[in-house]
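The values are calculated or read from the model by the stated rules, or taken from the named source; none is laboratory data. All of these numbers come straight from a predicted model, not from anything done at the bench. Cβ sites come from the backbone with ideal geometry, for glycine too, and all protein chains shown count toward neighbours.
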Amino acid sequence: MIDYLTERTRLTGLALDKVGGSSQAFDNLYLPTLHRAGFVAPEYASGQTGDHVPGGHVMESVPGLYRNVLVLDFKSLYPSIIRTFQIDPLGLTLGLRQQDAGENHTVPGFLGALFSRDQAILPGIIEHLWQARDQAKQDGNAALSQAIKIQMNACYGVLGSDVCRFYDQRLSASITMRGHEILTETAVQIEAEFGFKVIYGDTDSVFVWLGNDLSVQQADAQGPN
């Protein structure tokens, strides 16, 4: 635990007994880059509110007892969505200004969000953390790997909290609702292309039933395929 807390302190810049402050940790990562880009942040949350933003998608399960179930998990789904779809507080501000410029300049989100394709900060932060975590895993530094994982996931969580200065429901919705879309489409594609039944899914994983007639060896071999 001490090793983990030490790595969190080094990563976030917060005092050892304050590393649970996700919003402050996000500010420490985000604000210097924002300022160097020539922008200032709002003092308090001032983004769009009043909409219903769902959390992680939970599929309706198919109750029963099953043999040979594969659990397919997306690696860091929410950070991946942030990187892929340019989800970013500054990018949202600039994207909305470019809403008449077309899809060559913006990436659509949800609840009316548009994100700039050309200028964003958070995807770069996520990319840096991602590479650092991969390196920590290679080095066998479990404490640092866990600290980075928590920080990457917190980059989503703070955007959905009104104590964060960048809080805007279009940001959090563009992450969770994209996750719903990806998980649902994944289940459809698995059933259509491979003929296996998806019996459950939750946030970033799907449970795929291969059938009860396979041996353990056959089921294990099916997973990598």
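Here is how the numbers come out for the structure above:
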quantity	calculated
Residues within segment 47-76 that are under 30 Å from P32 (Cβ atoms), in contact (Cβ under 8 Å) with a residue 24 or more places away in the chain and exposed (fewer than 15 other Cβ atoms within 10 Å of the Cβ), tallied	1
Search result, residues across segment 121-157 that are within 12 Å of the chain's Cα centre (by Cα), of a type in the set (V, I, T) and at pLDDT below 90	I150
Those residues of segment 1-35 which are within 14 Å of I150 (Cβ to Cβ) and assigned to a loop (DSSP other than H, G, I, E, B), in sequence order	M1, L14, V19, G20, G21
Conditions (1) without any contact (Cβ under 8 Å) to a residue 12 or more places away in the chain; (2) outside any loop (DSSP other than H, G, I, E, B); number of the one not met by P79	(1)
Some residue of segment 57-71 being over 27 Å from A132 (Cβ atoms) and touching a His at 6+ places or on another chain (Cβ under 7 Å)	yes
Those helices (runs of 4 or more DSSP H) lying entirely in segment 121-202 with at least 3 residues closer than 18 Å to V58 by Cα and in contact with a His (Cβ under 9 Å, 6 or more places away or on another chain)	169-194
Residue match in segment 207-217 (condition: surrounded by 19 or more Cβ atoms within 10 Å (Cβ to Cβ) and in contact with a Ser or Thr (Cβ under 9 Å, 6 or more places away or on another chain))	yes
Residues of segment 186-215 that turn out to be more than 26 Å from P79 (Cβ to Cβ) and of a type in the set (A, V, I, L, M), as a count	4
Every residue from segment 192-202 that is modelled with pLDDT of 95 or more and acidic (D, E)	none
Of all residues in segment 87-104 being assigned to a loop (DSSP other than H, G, I, E, B) and surrounded by fewer than 23 Cβ atoms within 10 Å (Cβ to Cβ), the one that is modelled with the highest pLDDT	Q98
Residues of segment 22-46 that turn out to be surrounded by 13 or more Cβ atoms within 10 Å (Cβ to Cβ), within 23 Å of R8 (Cα to Cα) and not acidic (D, E), as a count	11
